[in-house]
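Encoded as structure tokens, the structure appears first; notes follow it.
Values in this text are rule-based calculations from the coordinates and carry no lab data. Since the structure is predicted, the reported quantities are computational estimates derived from the model, not experimental observations. Cβ placement follows ideal geometry from the backbone for every residue including glycine, while neighbour counts extend to all protein chains displayed.
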Amino acid sequence: MTPKIVTSFIGGEWVEPNESSHKIKIIHPADEQHISTLYEADTNEVSNAAETAKKTFDSGVWSNASVDDRKSVLLAIKDLIIENKEEIAEQEVMNTGAPIAQAYGRQIPRSAMNFEFFAEFISQASSPVFDQNPDYITYVRREPIGVAGLIAPWNAPMALATMKIAGAIAFGNSCILKPSELTPLGFVPFMNLLKKAGLPDGVINMVNGRGSVTGTAITQNENIDVIAFTGGTETGRVIGAESGKTLKKIVTELGGKSANIIFSDADFERALDAAMVAIFSNNGQQCLAGSRILVEKPIAKEFKKRMVERARNLIIGDPFDSKTEIGPLISKEQIEKVMSFAQTAEESDDTNILCGGKRCESFQKGYYFEPTIVETKSNQNTVCQEEIFGPFATILEFDGIDEAIELANDSEFGLVSYIWSTDIRKIMRAQAEIRAGVVWVNTPLMRELRAPFGGYKNSGIGRDGGEWSRNLFTEEKTVSIPLKDFPITKLGEND
Ligand code: NAD
């Protein structure tokens, strides 16, 4: 059942609702009904959360717990997510409008896997020892950094936030999560299972509210040592600047406009299937969407025809229907934003809307937008340069690998890229020359948690995943110990 209100979760308890708090209506995007109310955390509440997290950290109850103890709690959280998957998925879908089949198939398993992954990672991680100098042994200790501020977006709330939470707590930190103010609901059942998993109170805390209020209070708080942020590029700049004032460590995972390059020697059917998944899963609202499709001239006509047929055939509907492939967009603001790009495409001379481009007329209520494919002649067109974040793909033709690479790199973003070809030399050249943090060759959406994930250029700073999350959430301490006595210069003995 959807909770009527959502407050902060601090020290293992839900904060009593304070009627003077700013309140935000949580809307179900499929019918625009007001389903819950968020009570915003102000600066004082964020300070309380940060103090609680710091006290918990300093107490050593978690930060000094053995790796085996931490591992077993992380695995218990994983098991409880799986046990409670119906409830978590229901709240997540209620909140985001993402199709339930995708919540069960991707978002919830990924949330559970995040805890399993870091549980296994900490039990295997080691640190370097330097023994080249025969007189010394020098080794590196990894210590938790303290309190982590985790700021998350609305598009895949649980999957993205739990990657941060699991990474932060696995290494002994305490944390404060701030989900998007649009999507707090899935975290209610999640917070409720932490005690049962054996996690000490105060290790995971949550504050809710707008970025300008609750988010800013996190980035300004002196008790918070590190910020892990996922969200838009403009927000990333503000958070980077604000966090710099108190010298917090920071990683930012930001927007994308990823090129999906399809060469004429590609396996056509697989490339088509993957192009559909890359742009239309999660209602097109994903940072790693293959939203800029570049297709080689000899196959372009056929590819466009087939992709448009498939897009027109997508099942759009109630996100709780297990057959639904596309649900509503998250909010009124988001659908208006996506519609404004359709308008831009319509008004532009070098674009042609092949399908979609408007609200779904068959729905009286809900933020349903037709799956949209726009062919463009120039990569400079706004719809090729800006992140639209909806079921909206552009298709541009290219002639040969030089042009493909040039177009792929002609973007302020560099998050992921896709290459479809059966020619290994083409693949090897393209993967080397494309400026993006991740290259997927002949596959869509392969997230290897052991490997770094993050962006080049305006797609972010830093990476997460295995060792890279460890770098973010730990301090490194170099310890040198002499193996024998050696003469020390006697300063001050001048008689
Ligand atoms: P957003 O930037 O509007 O908000 C993200 C989070 O930041 C929210 O919790 C918001 O409340 C908070 N926030 C906003 N202003 C803040 C401030 N001044 N100080 C502190 N916190 C603040 O992004 P969104 O609309 O929620 O998410 C969509 C964006 O996220 C897209 O650009 C998408 O590409 C990006 N994204 C990136 C990745 C990735 O891994 N690179 C993954 C998912 C989403």
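Remark: the Cα gyration tensor places the stretch 259-441 in the prolate category, a/c being 1.5 or greater and a/b exceeding b/c.
Distance from the C-alpha centroid of the stretch 257-278 to that of the stretch 165-219: 37 Å, rounded to the whole angstrom.
Starting from the Cα gyration tensor of the chain, take the square roots of the eigenvalues, sort them a ≥ b ≥ c, and report rounded, prolate or oblate (rounded when a/c is under 1.5, otherwise prolate if a/b is larger than b/c, else oblate). Numbers along the way, then the final one.
Values: a/c = 2.11, a/b = 1.36, b/c = 1.55.
Taking the square roots of the gyration eigenvalues as a ≥ b ≥ c, the chain is oblate.
A crude spin-label estimate for the pair Glu433 and His34, with each label 7 Å from Cα along the Cβ direction, gives 5.7 nm.
Taking θ as phi - 60° and the Karplus parameters 6.51, -1.76 and 1.60, the scalar couplings of the stretch 197-213 work out to 6, x, 7, x, 4, x, 7, 10, 10, 9, 10, 10, x, 5, x, 5, 10 Hz in sequence order, x denoting glycine and proline. Ignoring everything except DSSP H segments at least 4 long, calculate the 222 nm mean residue ellipticity for the chain; use -39,500 (n - 2.57) per segment, divide by total residues, nearest 500. Counting only the DSSP helices, I get -11000 deg cm²/dmol.
Checking the a/c ratio against 1.5 first, then a/b against b/c, what shape does the Cα gyration tensor give for the stretch 182-277?
Oblate.
In the neighborhood of Ser243, defined by Cβ-to-Cβ distances under 12 Å, what is the net charge if each Lys or Arg adds +1 and each Asp or Glu adds -1? Cβ neighbours under 12 Å give a net charge of +1.
Give, in nm to one decimal, the length gained when the segment between Leu483 and Cys360 is fully stretched (0.36 nm per residue of separation minus the Cα-Cα distance).
Numbers: separation 123, 0.36 × 123 = 44.28 nm, distance 7.43 nm.
Net length gain for the segment: 36.8 nm.
When you filter the GluC sites (Glu not before Pro) in the stretch 311-384 for DSSP loop state and at most 10 other Cβ atoms inside 10 Å of their Cβ, you are left with Glu361. Taking amide H positions as modeled 1.01 Å from N, with prolines and chain starts lacking one, the residues under 5 Å from Ile35 and 5 or more places away or on another chain are Ile26, Ile27, His28. In whole angstrom, how far apart do the alpha carbon centroids of the stretch 73-147 and the stretch 350-387 sit? Distance between centres, Cα-based: 37 Å.
Give Lys178/Lys332; Lys55/Lys178; Lys78/Lys245 a once-over and call out the pairs whose C-alpha atoms are over 27 Å from each other. It would help to have the intermediate numbers written out before the result.
Values: Lys178/Lys332 22 Å; Lys55/Lys178 19 Å; Lys78/Lys245 36 Å.
Lys78/Lys245, as the Cα separations exceed 27 Å there.
Ignoring aspartates and glutamates fewer than eight residues from Lys457 along the same chain, the ones with Cα atoms less than 19 angstrom from its Cα are Glu234, Glu253, Glu386, Glu387, Glu406, Asp410, Glu412, Glu433. Shown is the FRET efficiency for Glu333 and Glu269, computed with R0 = 30 Å from the Cβ-Cβ distance and rounded to the nearest 0.05: 0.20.
Restricting to bridges with both residues inside the stretch 259-441, how much of the DSSP beta-bridge set is antiparallel, in percent to the nearest 5?
Values: 5 of 27 bridges.
For the stretch 259-441, the DSSP antiparallel bridge percentage is about 20.
Each peptide among 203-216, 12-25, 423-436 gets the average number of other Cβ atoms lying within 10 Å of its residues, and from highest to lowest they stand as 203-216, 423-436, 12-25. In this structure, the residue pairs whose Cα-Cα separation is over 30 Å, taken from Lys195/Lys365; Lys257/Lys305; Lys164/Lys426, are Lys195/Lys365; Lys164/Lys426. If the chain linking Val61 and Ala125 were pulled fully straight, counting 0.36 nm for each residue of separation and taking away their Cα-Cα distance, it would gain 20.9 nm.
Could you tell me which chymotrypsin sites (Phe, Trp or Tyr not before Pro) in the stretch 367-458 are loop residues by DSSP with no more than 16 other beta carbons within 10 angstrom of their beta carbon?
Numbers: sites: Tyr367, Tyr368, Phe369, Phe389, Phe392, Phe398, Phe413, Tyr418, Trp420, Trp440, Phe453, Tyr456; in loops: Tyr367, Tyr368, Phe389.
For chymotrypsin sites (Phe, Trp or Tyr not before Pro) across the stretch 367-458 that sit outside H, G, I, E and B with at most 16 neighbouring Cβ atoms in 10 Å, the list is empty.
Which of the GluC sites (Glu not before Pro) found in the stretch 438-479 are loop residues per DSSP with 12 or fewer other Cβ atoms within 10 Å of their Cβ?
Details: sites: Glu448, Glu467, Glu475, Glu476; in loops: Glu448.
Hits after loop and neighbour filter: Glu448.
In sequence order, the stretch 7-17 has phi-based couplings of 10, 7, 10, 10, x, x, 10, 6, 5, 4, x Hz under the Karplus curve 6.51 cos²θ - 1.76 cosθ + 1.60, θ = phi - 60°, and Gly or Pro positions carry x.
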